[in-house]
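Written below as structure tokens is the structure these notes are about.
Every number in this text was worked out from the coordinates using simple rules, so none of it is lab data. Note that the coordinates shown come from a computational prediction; the quantities given were computed from them, not determined experimentally. Note that we place each Cβ from the backbone using ideal geometry, even for glycine, and neighbour counts take in every protein chain shown.
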Amino acid sequence: MLTVKEVLTQAKEVFKDTLDNDKIELTPETTADDIEEWDSLSHIQLIVALEKHFKIKFTTAEITSYKNVGQMAESISRKLS
Amino acid sequence: MQDPVIPYNILVKNFKKDSSGFKTLKIAVMADFASQHYAKALQSALILHRLSGYIWEADYNSIEATIINQDSELYQQHFDYIIIIPSVHKLNKRFSHSAQKSKFADDTINQISDLISLLLSRSSARIILTNFQELNDGIFGNYSNKTDQSFLYHIRRINVELMTLAIKQPNLFIADAQNLFSNFGMTQAFDAKLFIHGDIIYSLDFLAALAQNTSGIIASIQGDIKKCIVLDLDNTLWGGVIGDDGIENIQIGDLGIGKAFSMLQNWLYDLKNRGIILAVCSKNTESVAKEVFEKHPGMTLRLNDISVFVANWETKVDNILFIQSVLNIGFDSMVFLDDNPFEREIVKKHIPGIEVPDLPEDPSEYVWYLRSLNLFETASFSGEDLMRTKQYQEEATRLEFQKLFTNERDFLASLDMKAVIKPVDNFNCPRIAQLTQRSNQFNLRTIRYTDEDIKRIMHDPDYKSLTVTLEDKYGDYGLISAVILRLLSSSELFIDTWIMSCRVLKRGVELCLLNEMVTLGLESGYKFLVGEYIPTPKNGMVKNHYEQLGFRPDSDGRYYLELTNFNYKDTVIHKSGKYVNS
């Protein structure tokens, strides 16, 4: 059981590692537009890395439906509860 | 057991590494799914082999169209490699729609075969084609194996036919995606979500494994291959310590943990028969260690399977240096097996380039782990490979014998060397190709050729070639040297390739060959032999080769030898075959 805030903290490390950028900050409002390295190619990488880290699975519908990092973190938190 | 395949996210961290000093290869990738992740993984995997990939991706899902269109980018650039990855999903789709299911494999293989022939006629690139994962589509269950109406029946037939095709086409190599699939399993190899979302089909980790697999094929064609395994004995080749436990108490054979060591020995025996040299490096009394090979009934490996046997109380590092000096191969082509992590670390630290697998603690896992590393990728296999162990044993005998002579020439004369010198022909063609792939040190320009290339050269009137097969009173060295000459002009013959196996260094073979080249040149009315040295990290030994032979360096970086007035070199090699001018 992780809170949305805890998910965000851990997700930040996954983002940093996957996108190879130590300066990344995540807020619930962050979107792909805010992070230079976050493109369609690395999006797939992020999805897979997050699934591995949290030991969860996203559905096909979910990976295109999140409007921002906050929605994604909420979804992860729900899956873990 | 540790997993030797690097996952995608870790592999691609190499993507940004500096590869400016590495050899650049131009590679085309064609797939019928979104291949960008594969391309990125491939580039990263090549960097681990010290290669730099310039990768061009064909338009999405256009394999056939790209090959058929003679104006396509595929033929505009001169690619070194073309990688083709047809997916099993698209194959499945075609199968579903096929009207005559029983003919599906035949039709598919004919189509692939035609495309490959067309591609090979238009490009000199090496082609790497993946085979198909044996996907059970759940339509027939096990009855798939009992009817030619099932998809599985046809995938398996296609995979076998692809092997037959690769045997026929020397420039076609198969990347065994089915084999990777069986390691991964269905749920790990495919990613249903990525297929729907981005037509990626495979999981990122599977694509990473495929990239590592294909880069291994490329590296082996580029000459990055393992040639020798150096073996520790106690607790590596058998259970227990021979010096303490005695020959009756070491573990080897069908009982208990002895079975694990027998498995390892059988595996090593098969590798030896494929041409991998086995050497022993052990802290033991030599006679005690050798007795096991001579007398223990459970041993698969015998003394005549071992090319160099070193058992003493020196350090392993010193002994490996000695083994390397006898075999004359690069450290990066050697693998060191030792159960002791401490010894492994010392060897890793002091001998850069040598491959030292971290053997699992439990000997029962040795073979499984070593198999999974896929260390012995090769781009060729010829009759010479079967003779190699014997040849190195003969070399060790020669080294002993040489100690009796103070004069180098007397020693060479006593060997009673006989050479057969002749052009490339259909029989020695695979060996010449292999020699261009394996030789790193005595290799003036390091151009790698496949069988196909050599065949083309053989029939091209602009080329001439000479090969040397050598034997002496200790045995047969086999075909150990070759030159490929290209006509530059009516007066100049360019030495495109000059290679020699390091087993025959300092025997005078190069002098003998130079004499032949001069004769060949003069008979055909040429005035100059033109040589070139292209430096690599490994061919420093031939840096001054042409100058030492009396070639004159010119401002264009090449070396020139005037054929008239050439003083034939003195050698002690007897020629037992006159070359036939091709």
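For A:T9, what charge total do you get from the other residues with a beta carbon under 13 Å from its beta carbon, if Lys and Arg give +1 and Asp and Glu give -1? Intermediate values should be presented prior to the final figure.
Details: positive: A:K5, A:K12, A:K16; negative: A:E6, A:E13, A:E25.
Here the charged neighbours net out to 0.
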If amide H atoms are modeled at 1.01 Å from N in the peptide plane, then the residues at a separation of 5 or more from B:G240, or on another chain, having amide H under 5 Å from its own are B:N235, B:Q251
Expressed in nanometres to one decimal, the distance between label points 7 Å along Cα→Cβ at B:T397 and B:E248 is 3.6 nm
Counting only residues 5 or more apart in sequence or on a different chain, those whose built amide H sits under 5 Å from that of B:I128 are B:I82, B:I83, B:I84, B:F173
Expected vector for the range A:23-28, Karplus 3J(HN,Hα) from phi with 6.51, -1.76, 1.60 and θ = phi - 60°, integer Hz, x for Gly and Pro, equals 8, 5, 10, 10, 10, x
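Around B:D362, with a cut-off of 14 angstrom between Cβ atoms, what is the net charge of the other residues, counting Lys and Arg +1 and Asp and Glu -1?
Values: positive: B:K259; negative: B:D339, B:D358, B:E361, B:E365.
Its environment carries a net charge of -3.
Please rank B:M299, B:M541, fewest neighbouring Cβ atoms within 10 Å first, as an exposure proxy. It would help to have the intermediate numbers written out before the result.
Details: B:M299 20, B:M541 13.
Fewest-to-most Cβ neighbours within 10 Å comes out as B:M541, B:M299.
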For the range A:66-74, Karplus-derived ³J(HN,Hα) couplings (6.51, -1.76, 1.60; θ = phi - 60°; whole Hz; x for glycine and proline) come out as 5, 7, 7, 4, x, 4, 5, 5, 4
For the range B:483-489, in residue order, the Karplus 3J(HN,Hα) values (coefficients 6.51, -1.76, 1.60; θ = phi - 60°; whole Hz; Gly and Pro = x) are 10, 10, 10, 10, 6, 8, 7
The extension gain from B:D59 to B:N374, computed as 0.36 nm times the residue separation minus the Cα-Cα distance, is 110.2 nm
Whole-Å distance linking the alpha carbon centroid of the range B:1-76 with that of the range A:1-47 is 26 Å
Listed by chain and number, the lysines with an alpha carbon less than 30 angstrom from that of B:K103, same-chain partners under 8 positions apart left out, are B:K90, B:K93, B:K146, B:K168
Projected onto the charge dipole of the range B:234-282 (unit charges on the beta-carbon of Lys, Arg, Asp and Glu, signs +1, +1, -1, -1), the Cα from B:N235, B:W267, B:I250 with the largest positive-side position is that of B:W267
Here, B:S287 and B:N304, labelled 7 Å along Cα→Cβ, have an inter-label distance in nm of 2.4 nm
Under the 7 Å Cα-to-Cβ spin-label approximation, B:D114 and B:L522 lie apart by a distance in nanometres of 5.6 nm
Once amide hydrogens are built 1.01 Å from N within the peptide plane, the residues lying 5 or more places from B:N61 or on another chain with amide H under 5 Å from its amide H are B:A31, B:F33
Among B:A125, B:N340, B:F442, the residue whose Cα sits farthest towards the positive end of the charge dipole of chain B (+1 at Cβ of Lys and Arg, -1 at Cβ of Asp and Glu, taken about the Cα centre) is B:A125
Note on chain B, DSSP bridge orientation, antiparallel percent to nearest 5 equals 45 percent
Going fewest to most other Cβ atoms within 10 Å around each Cβ, A:T64, B:T315 line up as A:T64, B:T315
A correct fewest-to-most ranking of B:I495, A:I63, B:I247 by other Cβ atoms within 10 Å would be B:I247, A:I63, B:I495
Given the candidates B:T108, B:V509, B:N544, the one whose Cα lies deepest towards the positive end of the charge dipole of the protein assembly as shown, counting +1 at each Lys or Arg C-beta and -1 at each Asp or Glu C-beta, is B:V509
Magnitude of the Cβ-charge dipole (Lys and Arg +1, Asp and Glu -1) of the protein assembly as shown about the Cα centre, nearest 20 debye, reported as 1060 debye
Cross-link reach from B:K290 to lysines, straight Cα distance under 27 Å and at least 8 residues apart if same chain, gives B:K226, B:K227, B:K259, B:K272, B:K316, B:K348, B:K390, B:K403, B:K473
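Roughly how crowded by other chains is peptide A:38-51, in terms of the mean Cβ count from those chains within 10 Å of each of its Cβ atoms? Please report the intermediate quantities before stating the final value.
Values: counts 0, 0, 4, 6, 3, 2, 11, 6, 1, 5, 10, 4, 0, 2.
The shielding value for this peptide is 4.
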Helix-only [θ] at 222 nm, chain B, -39500 (n - 2.57) per DSSP H run of 4+, per residue, nearest 500, equals -12000 deg cm²/dmol
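Can you tell me what share of the DSSP beta bridges in the protein assembly as shown is antiparallel? A percent to the nearest 5 is fine. Can you show the working numbers first?
Values: 31 of 72 bridges.
Counting only bridges with both partners in the protein assembly as shown, antiparallel ones make up about 45 percent.
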Any trypsin sites (Lys or Arg not before Pro) in the range B:292-371 that lie in a DSSP loop and have at most 14 other Cβ atoms within 10 Å would be B:R302
Given pairs A:K67/B:K17; A:K55/B:K193; A:K16/A:K67; B:K418/B:K527; B:K418/B:K569 and cut-off 26 Å on Cα-Cα distance, the over-length ones are A:K67/B:K17; B:K418/B:K527
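Can you give the local net charge around B:F195? Use residues other than it whose beta-carbon is closer than 13 angstrom to its beta-carbon, Lys and Arg +1, Asp and Glu -1. Could the numbers behind the result be given before it?
On the way: positive: B:K90, B:K93, B:K193; negative: B:D32, B:D191, B:D199.
Around B:F195, the charge tally is 0.
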